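Read the structure below first, then the notes.
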Amino acid sequence: MPLRSILTIGELKFEAIPVQHSIRAPAAGFKVSSQDASFFYVPDIAAFPGASMALRGVQLYIGDGATVTRPMLRKRNGTLIGHAPIVQQLR
């Protein structure tokens, strides 16, 4: 599924939204919406540029975190990579 495209299955809309995770393994989060509600799921994330726009109208955020508070982040070639802790994702 190409990033930022919307795939509709029945009454559900799926949108793949790019997030920062790794230089070698790019990641995307998925906004899933119906007429009544929407949620956002992201499997791996270091940073989320454009989060406020992507999360507009979302009632539930589901983020995969390797830790609750300790960051597992580093910079490589000036790019933040790794896994953001749950507390950082919720901010």
Discussion item. When you scan the stretch 8-30, do you find a residue that is of a type in the set (K, R) and out of contact with any strand residue (DSSP E or B) (no Cβ under 7 Å at 6 or more places or on another chain), even just one?
Written reply: yes
Item to complete: Just give me the residues in the stretch 41-68 being over 13 Å from the mean Cα position of the chain (by Cα) and either in contact (Cβ under 8 Å) with a residue 24 or more places away in the chain or more than 20 Å from F30 (Cβ to Cβ) (or both), in sequence order.
Response: G57, T67, V68
Worksheet item: Of all the strands (runs of 3 or more DSSP E) wholly in the stretch 35-91, which have at least 3 residues that are charged (D, E, K, R)?
Response: 72-76
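Suppose the filter is assigned to a strand (DSSP E or B), without any contact (Cβ under 8 Å) to a residue 40 or more places away in the chain, touching a Leu at 6+ places or on another chain (Cβ under 7 Å) and not polar (S, T, N, Q); does F30 pass it?
Numbers: assigned to a strand (DSSP E or B): yes; without any contact (Cβ under 8 Å) to a residue 40 or more places away in the chain: yes; touching a Leu at 6+ places or on another chain (Cβ under 7 Å): no; not polar (S, T, N, Q): yes.
When the stated conditions are applied, F30 does not pass them.
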Practice prompt. Considering every residue within the stretch 69-83, establish whether at least one is crowded, with 16+ Cβ neighbours inside 10 Å, of a type in the set (A, V, I, L, M) and under 12 Å from the mean Cα position of the chain (by Cα).
Written response: no
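We did not get these values from a lab; they are worked out from the coordinates using the rules stated. Remember, it's a predicted structure, so these values are computed and weren't measured experimentally. When we count neighbours, we look across all protein chains shown, and the Cβ atoms used for this are built from the backbone with ideal geometry, even at glycine.
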